[in-house]
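Structure record follows, encoded as structure tokens.
The values are calculated or read from the model by the stated rules, or taken from the named source; none is laboratory data. Computed from a predicted structure; not experimentally measured. Please note: Cβ atoms are built from the backbone with ideal geometry, for glycine as well, and neighbour counts cover all protein chains shown.
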Amino acid sequence: MRLAALGRYPLATLPTPLQRARNLEAALGPNSPRLFIKRDDLTSLAFGGNKARKLEYLVADALASSATTLVTEGAAQSNHARMTAAAAAIAGLECVLVLDARHGADVTGNLLLDRLLQAEVRIVSGKGDRAQEMAKVGDELRAAGKRPYIVPTGGSVPLGAAAYVAAVAELTAQLMAISEAPTRLYVATGSQGTQAGLVVGARAFSTSFAICGIAVERPVEKLVDDCVSLANQTAELIDLPATFSRDDVSIDGDYVGKAYGEMTPEGLDAIRLVARTEAIFLDPVYSGKAMAALIDAVKSGSMTKNDSVIFLHTGGGPSLFPFGTALL
């Protein structure tokens, strides 16, 4: 496996902490399993989040190809866009963000940080317009003598997913140090870069835990197919002799709510509970929904006090602010 041979540009503070959530356990009752939170919200790059790991590999590739500008896209409150802008600033690159205004484009939360980072922000009306605008940006930059490096949604390409293969190695070492063998790892999942990397890493390092993806958008069938495809491409990239099928991917679509980016009552409840018990902030679009699923699993009795479980906190704190009224 040639994971260590991949180029990396230092952006993240690693390893991130693995913390026992004892107050949350107590709030969930005497039959709660041991709960551990893998704090990838503390990767430190521009308020942190899971994208920092992926951007280390992607920025290294961009610099190796003599790129001058990082270009990516997402929703107006995209955590990935904010962190791409931050990575560009640190690496001395320009940045263009193509963001859609489906859920508003008020200059708050991530969008405020994008502008503070001096990224060029282009707002389009909807998700379907982003690819066309990205192509236009690339043409404009090349015509101006610049070299764009296109970062797909969420950094969800094999090189980005490889970062979460490495993250599994990091997590495995932390678990061995405290003699824990969890049965599940919960993670919010959308563009599949994180989950695909975790699935590959779980196979590569023979983990005790299954990867429980909690969907933040639909259709779930497509998410599963995307994860399988990306997992196989990632395994090929790192020379891991393994293949993956739909049977290797678990994604629960019951916590999406009305649509991507829409709050859910159970997600908001999870955000409040974790804030009040652990002083850890989740977000309404991703991590709040994944935590709601974990809480329901505990309450259903599918895990016992003899089990342990991991929650991968993928970050997203700045996106709390546009939802302040609903949260309170």
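Worth a mention:
- Of all the criteria given as (1) assigned to a loop (DSSP other than H, G, I, E, B); (2) over 30 Å from Gly138 (Cβ atoms); (3) of a type in the set (D, E, K, R), the one not satisfied by Lys38 is (1).
- Qualifying residue in the range 237-245 (condition: in a helix (DSSP H, G or I), crowded, with 17+ Cβ neighbours inside 10 Å and not small (Gly, Ala, Ser)): yes
- Lone qualifier among Ala52, Ala62, Ala88 - being over 18 Å from the mean Cα position of the chain (by Cα), closer than 22 Å to Val165 by Cα and not β-branched (Val, Ile, Thr): Ala62
- Scanning the range 177-185 turns up no residue that is surrounded by fewer than 24 Cβ atoms within 10 Å (Cβ to Cβ), out of contact with any Gly (no Cβ under 6 Å at 6 or more places or on another chain), more than 20 Å from Thr16 (Cβ to Cβ) and charged (D, E, K, R).
- Criterion: in a helix (DSSP H, G or I), in the same structural domain as Arg34 (by TED's automatic domain parsing) and surrounded by 20 or more Cβ atoms within 10 Å (Cβ to Cβ) - qualifying residue of Ala173, Ala188, Ala196, Ala169: Ala196
- Val298 meets each of the listed conditions (1) hydrophobic (A, V, I, L, M, F, W, C); (2) in a helix (DSSP H, G or I); (3) farther than 15 Å from Val187 by Cβ; (4) without any contact (Cβ under 8 Å) to a residue 60 or more places away in the chain apart from (4).
- Count of residues meeting criterion [closer than 21 Å to Thr194 by Cα and either in a helix (DSSP H, G or I) or without any contact (Cβ under 8 Å) to a residue 12 or more places away in the chain (or both)] in the range 301-319: 3
- Within the range 106-137, tally of residues that are in a helix (DSSP H, G or I) and touching a helix residue (DSSP H, G or I) at 6+ places or on another chain (Cβ under 7 Å): 4
- Flag if Ala167 is closer than 22 Å to Leu11 by Cβ, in contact (Cβ under 8 Å) with a residue 60 or more places away in the chain and aliphatic (A, V, I, L, M): yes
- Positions within the range 145-166 being buried (at least 24 other Cβ atoms within 10 Å of the Cβ) and over 21 Å from Gly201 (Cβ atoms), in sequence order: Val151
- Scanning the range 138-149 for residues that are in contact with a helix residue (DSSP H, G or I) (Cβ under 6 Å, 6 or more places away or on another chain) and part of a helix (DSSP H, G or I) yields a total of 0.
- Enumeration of residues in the range 267-292 that are in contact with a Phe, Trp or Tyr (Cβ under 7 Å, 6 or more places away or on another chain) and surrounded by fewer than 23 Cβ atoms within 10 Å (Cβ to Cβ): Ala275
- Residue in the range 31-39 that is over 16 Å from the mean Cα position of the chain (by Cα), touching a residue at least 60 places away in the same chain (Cβ under 8 Å), surrounded by fewer than 16 Cβ atoms within 10 Å (Cβ to Cβ) and at positive phi present: no
A quick yes/no check of all residues on (1) within 16 Å of Lys38 (Cα to Cα); (2) in the same structural domain as Arg34 (by TED's automatic domain parsing); (3) charged (D, E, K, R):
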residue	(1), (2), (3)
Ile178	yes, yes, no
Ala181	yes, yes, no
Val224	no, yes, no
Pro241	no, yes, no
Lys258	no, yes, yes
Met263	no, yes, no
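- Within the range 58-92, restricting attention to residues that are crowded, with 18+ Cβ neighbours inside 10 Å and assigned to a loop (DSSP other than H, G, I, E, B), the residue that is modelled with the highest pLDDT is Ala67.
- Candidates are the residues of the range 205-222 that are surrounded by fewer than 20 Cβ atoms within 10 Å (Cβ to Cβ) and in contact (Cβ under 8 Å) with a residue 40 or more places away in the chain; the one that is nearest to Leu18 (Cα to Cα) is Ala210.
- Qualifying residue in the range 308-326 (condition: at pLDDT 95 or above and more than 16 Å from the chain's Cα centre (by Cα)): yes
- Scanning the range 205-225 for residues that are part of a loop (DSSP other than H, G, I, E, B) and of a type in the set (Gly, Ala, Ser) yields Ser206, Ser208.
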